[in-house]
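K.L.:
Quick one: structure below, then a few questions.
The values are calculated or read from the model by the stated rules, or taken from the named source; none is laboratory data. Only a predicted model underlies this, so the values are computations on that prediction, with no experimental measurement involved. Virtual Cβ from ideal backbone geometry, glycine too; neighbours counted across all protein chains shown.
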Amino acid sequence: MNKPADRPSKSRAASDSDLLQGPLFGRMVLFALPLAASSILQQLFNSADTAVVGRFASAQAMAAVGSNAPVINLIIALFVGLSVGSNVVISSLIGQKREDAVSDAVHTSVVIALVTGVLLLFIGLAAAKPLLVLVQTPGDVIGLAVLYLRIYFLGMPAVMLYNFGSAILRSKGDSRRPLIALTSAGVINVILNLIFVIVFHLHVIGVAAATVISNIVSAGLTLGFLMKEKGAFHLNPRRLRVSRRQMLVMMKIGLPAGIQGVVFSLSNTVIQSAINSFGSTASAGSAAALNFETINYYAVNSFSQASVTFTSQNYAAGRYDRCRKIFRIAFLSAAVLSAALDLSFCLTQDFWLGIFTADPEVLSYARIRFRHVLIFASMTSTYEVAGSTMRSMGYSLTPSVLMIFGTCLFRIFWTFVIFPHARSYGALLYVYPVSWLLTGTAVLTAYYLLRRRLFRRTGNAAR
């Protein structure tokens, strides 16, 4: 039996997490910007792995670290998608004022995170070399790439605990403390990178070990925040158990998002294989440029996640006018911020790319990727915000299917059918903006049709 202190405090939980009242724009920006900062910082700290080995080791070591990103994402995408379900479920329960169910969902989320993290650890250790061989990792870097990947996956339980823990905090509108956790862990990552590589000459082993340690720090801080919470969000290790009801709802929302992430990562892995066919310098140049595309994605994703949290609560509470405003704010903010980042990075590309390498051939490949991909990256806001908003209303399958066809399967088709007839690095990279255009059109259309049907059905027709 639970002690009285373990029971959620209804008034405290409601006051801390209620997103149903007050102006939207300022509160969404205050939610999104720390989330964007934390995600971008995470990418910058990950980029430090590439930059340190690129500057203080070799182009082969840089390619070995950088070319692992698609493989890592392929393996963990399904389980990270489940954290989306956790966010939506908890936010919806807050909107319905069901604090007891919120507590059950919090503890269920942490159990799922721990179990999937351990599972991913063993999958990563076993699948590292076969996957890297499958994507045609250049022979002069595959040994280092396998070593990096296997060490990286030792930290998977921590990665999953941080992802689910931060999703729990975001569901109540708190994006500040995940930023604190990532910033602290990231500083440790950079310091350890420099010590392990420059002082001890550990190269790939050093940056991988630094990443694992920093992931453990971010997970520990996030769990510590939850254990200090009061009321419904308090994490009590003695109450860690799975609520079957909450888990099923999380899977209903999160599995389509996770499967979409797997197929999305698979398509990027196929493209990475084609990039690898141009040699280790092309792989290194692509890895350098990819850092800035990832930063851009996180800027878009911050407002996408804001839409998830705010829409979930307001939709569950029947506040449909606010749901419309939430989408407009999230979509326009994501597009403007993304476009500003695209332009600034492209105008100052030599400075940014110079952080990663001084090799002229590597820089040449990176500049091509800037011109063919990064400059168009703001287009991702179309399907990211619309798809996330549909999930927050309980419709996860539709955006996932559309994104699988428009962004994922189309990229595989381009790589195997179109690319062989115009075999150049630039022709391969054009797959990204074309797929963004197709997917954005489809998902935006589906969102507006769904919204009109849902709001009309509830007696509050779209205006």
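K.L.:
Would you pick out the residues in the range 126-135 that are under 17 Å from Asn73 (Cβ atoms) and touching a residue at least 12 places away in the same chain (Cβ under 8 Å)? Break it down stepwise before answering.
P.N.:
Kept after step one, since they are under 17 Å from Asn73 (Cβ atoms), are these residues of the range 126-135: 127-128, 130-132, 134-135.
Within the range 126-135, Ala127, Ala128, Leu131, Leu132, Leu134, Val135 meet the criteria.
K.L.:
Identify, from the list Thr445, Thr382, the residue that is within 24 Å of Gly81 (Cβ to Cβ) and in contact with a Gly (Cβ under 7 Å, 6 or more places away or on another chain). Let's see the steps before the verdict.
P.N.:
Working: Thr445 fails: in contact with a Gly (Cβ under 7 Å, 6 or more places away or on another chain).
When all the criteria are applied, what remains is Thr382.
K.L.:
Identify, from the list Phe264, Phe292, Phe303, the residue that is part of a helix (DSSP H, G or I), of a type in the set (A, V, I, L, M, F, W, C), out of contact with any His (no Cβ under 7 Å at 6 or more places or on another chain) and surrounded by fewer than 24 Cβ atoms within 10 Å (Cβ to Cβ). It would help to see each step written out before you state the result.
P.N.:
Working: Phe292 fails: surrounded by fewer than 24 Cβ atoms within 10 Å (Cβ to Cβ); Phe303 fails: surrounded by fewer than 24 Cβ atoms within 10 Å (Cβ to Cβ).
Exactly one residue qualifies, and that residue is Phe264.
K.L.:
Oh, and also: Hey, could you check the range 373-427 for residues that are of a type in the set (Lys, Arg) and in a helix (DSSP H, G or I) and say which is nearest to Gly279 (Cα to Cα)? Let's see the steps before the verdict.
P.N.:
Pass one, the range 373-427, residues of a type in the set (Lys, Arg): 391, 411, 423.
If we keep only those that are in a helix (DSSP H, G or I) too, we end up with 391, 411.
Numbers: Arg391: 40, Arg411: 21 Å.
For the range 373-427, the residue satisfying everything is Arg411.
K.L.:
Let me ask something additional. Name the residue, out of Ser364, Ser378, that is crowded, with 22+ Cβ neighbours inside 10 Å and polar (S, T, N, Q).
P.N.:
Residue meeting the stated conditions: Ser378.
K.L.:
I'm trying to understand the selection: among the residues of the range 418-458, which are more than 30 Å from Tyr315 (Cβ to Cβ) and either in contact (Cβ under 8 Å) with a residue 60 or more places away in the chain or basic (Lys, Arg) (or both)? Before the answer, list the steps.
P.N.:
Looking only at the range 418-458, we keep the residues that are more than 30 Å from Tyr315 (Cβ to Cβ), and these are 418-434.
Matches in the range 418-458: Phe419, Arg423, Tyr425, Leu428, Leu429, Val431, Tyr432, Pro433.
K.L.:
Now for a different question. Out of the residues in the range 154-190 that are surrounded by fewer than 21 Cβ atoms within 10 Å (Cβ to Cβ) and polar (S, T, N, Q), which is farthest from the chain's Cα centre (by Cα)?
P.N.:
Checking each candidate, the answer is Ser184.
K.L.:
Also, quick follow-up: Just checking, how many residues over the range 70-119 are assigned to a helix (DSSP H, G or I), farther than 23 Å from Arg238 by Cβ and not hydroxyl-bearing (Ser, Thr, Tyr)?
P.N.:
Going through the range 70-119 one residue at a time, the tally reaches 20.
K.L.:
Can you list the helices (runs of 4 or more DSSP H) lying wholly within the range 127-201 that have 2 or more residues being within 23 Å of Phe31 (Cβ to Cβ) and polar (S, T, N, Q)?
P.N.:
Counting at least 2 such residues, we get 156-171, 176-194.
K.L.:
Go over the candidates Thr357, Thr415 one by one and state the one that is in contact (Cβ under 8 Å) with a residue 40 or more places away in the chain, under 24 Å from Gly261 (Cα atoms), surrounded by 15 or more Cβ atoms within 10 Å (Cβ to Cβ) and among the β-branched types (Val, Ile, Thr).
P.N.:
Numbers: Thr357 fails: under 24 Å from Gly261 (Cα atoms).
Unique residue meeting the criteria: Thr415.
K.L.:
Can Gly124 be described as buried (at least 17 other Cβ atoms within 10 Å of the Cβ), modelled with pLDDT of 90 or more and not aliphatic (A, V, I, L, M)?
P.N.:
Details: buried (at least 17 other Cβ atoms within 10 Å of the Cβ): yes; modelled with pLDDT of 90 or more: no; not aliphatic (A, V, I, L, M): yes.
So Gly124 does not fit the description; no.
K.L.:
Right, here's the next one. Is it true that Leu449 is among the aliphatic types (A, V, I, L, M), touching a Ser or Thr at 6+ places or on another chain (Cβ under 8 Å) and either modelled with pLDDT of 90 or more or surrounded by fewer than 21 Cβ atoms within 10 Å (Cβ to Cβ) (or both)? Write out each step before concluding.
P.N.:
On the way: among the aliphatic types (A, V, I, L, M): yes; touching a Ser or Thr at 6+ places or on another chain (Cβ under 8 Å): no; either modelled with pLDDT of 90 or more or surrounded by fewer than 21 Cβ atoms within 10 Å (Cβ to Cβ) (or both): yes.
So Leu449 does not fit the description; no.
K.L.:
Right, next: Search the range 260-295 for residues being of a type in the set (Phe, Trp, Tyr) and at pLDDT 80 or above, and hand back the single one that is nearest to Pro360 (Cα to Cα).
P.N.:
The first filter runs over the range 260-295 and keeps only residues of a type in the set (Phe, Trp, Tyr), leaving 264, 278, 292.
Add one more test, that the residue is at pLDDT 80 or above, and what stays is 278, 292.
On the way: Phe278: 16, Phe292: 19 Å.
Top of the filtered list is Phe278.
K.L.:
Can you tell which of Ile94, Ile142 is within 30 Å of Gln21 (Cβ to Cβ), crowded, with 17+ Cβ neighbours inside 10 Å and modelled with pLDDT under 85? Talk me through it step by step, then tell me what you get.
P.N.:
Details: Ile142 fails: within 30 Å of Gln21 (Cβ to Cβ).
Only one candidate qualifies: Ile94.
K.L.:
While we're here: Checking Asn193 against (1) free of Cβ contacts under 8 Å to residues at least 12 places away in the same chain; (2) surrounded by 19 or more Cβ atoms within 10 Å (Cβ to Cβ): exactly one of these is not met. Which one?
P.N.:
(1)
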